[in-house]
1. Leaving out ligands, DNA and RNA, and with a 1.4 Å probe, what % of the accessible surface on the range 26-96 is carbon or sulfur?
2. I need the Kirkwood Rh of the range 4-86: take the reciprocal of the average 1/r across all distinct C-alpha pairs and report it in angstrom.
3. At 25 °C and 0.890 mPa s, grab the translational diffusion coefficient of the range 43-130 from Stokes-Einstein with a Kirkwood Rh over Cα pairs, rounded to a whole number in µm² per second.
4. Provide the per-residue ³J(HN,Hα) series for the range 33-45, in order, calculated from phi with Karplus coefficients 6.51, -1.76, 1.60 and θ = phi - 60°, each as a whole number of Hz, with x at glycine and proline positions.
5. Show the residues, 5+ positions off or on another chain, whose built amide H is closer than 5 Å to the amide H of Asp127.
6. Enumerate the residues in the range 30-48 having an amide nitrogen under 15 Å from the point lying 7 Å beyond the Cα of Ala80 toward its Cβ.
7. Asn3 to Leu125: extension gain in nm, 0.36 nm per residue of separation minus the Cα-Cα distance?
8. My understanding is that a pair violates if its Cα-Cα distance is over 28 Å; which of Lys13/Lys112; Lys15/Lys69; Lys15/Lys70 do that in this structure?
Amino acid sequence: GYNQMVEQLGIEKLKQPNHSIWVHDVRVDDFVMIWKSIYDYFQTETEGAKAFYDSTTNCKWNFFGQGIKKCTIAQKYGWADKSFSDAGIVYGENETYILAIFTDAEGNATDKKMYGAVAAEVHRLMDRVD
């Protein structure tokens, strides 16, 4: 059902090819659309939605969380040889919003610090936090 879902959302590039589980041609705006759909699904409060919410908010690796403190973040990061990304929903104190950052970085310690710094600045602007 995944390929049918992304097709209905108009995100053809996120369809999984028959020969692989990996999707290699992804844009940041595609993930914003996916996370909007996930946010809508969370609002249904079904058993599946609650389980999915729990699995995205209790992740061991949450790079946005390095820069955004005291907020719940539903997210999933991803990486490949020469790319590093994170996307998800930030439940801020004043605003809930979707955040997606894609880079061509390798995901080393310096890159992870950068994610935290960028996420903190975006959060300051989006959630009107001083």
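1. The nonpolar share, carbon plus sulfur, comes to 52 percent.
2. Value: 14.3 Å, from the Cα pair sum.
3. In µm²/s, the coefficient is 183.
4. Rounded to whole hertz, the list is 5, 4, 5, 5, 5, 5, 4, 4, 5, 4, 5, 6, 6.
5. The answer is none.
6. Zone members listed by number: 30-31.
7. 40.5 nm
8. Pairs exceeding the cut-off: Lys15/Lys69; Lys15/Lys70.
The values are calculated or read from the model by the stated rules, or taken from the named source; none is laboratory data. The shown structure was predicted, so the numbers you read here are calculated from the model rather than taken from an experiment. Positions of Cβ are backbone-derived with ideal geometry, glycine not excepted, and every protein chain shown enters the neighbour counts. Accessible surface areas use protein heavy atoms only, side chains included; no ligands, DNA or RNA. Shrake-Rupley method; radii C 1.70, N 1.55, O 1.52, S 1.80 Å.
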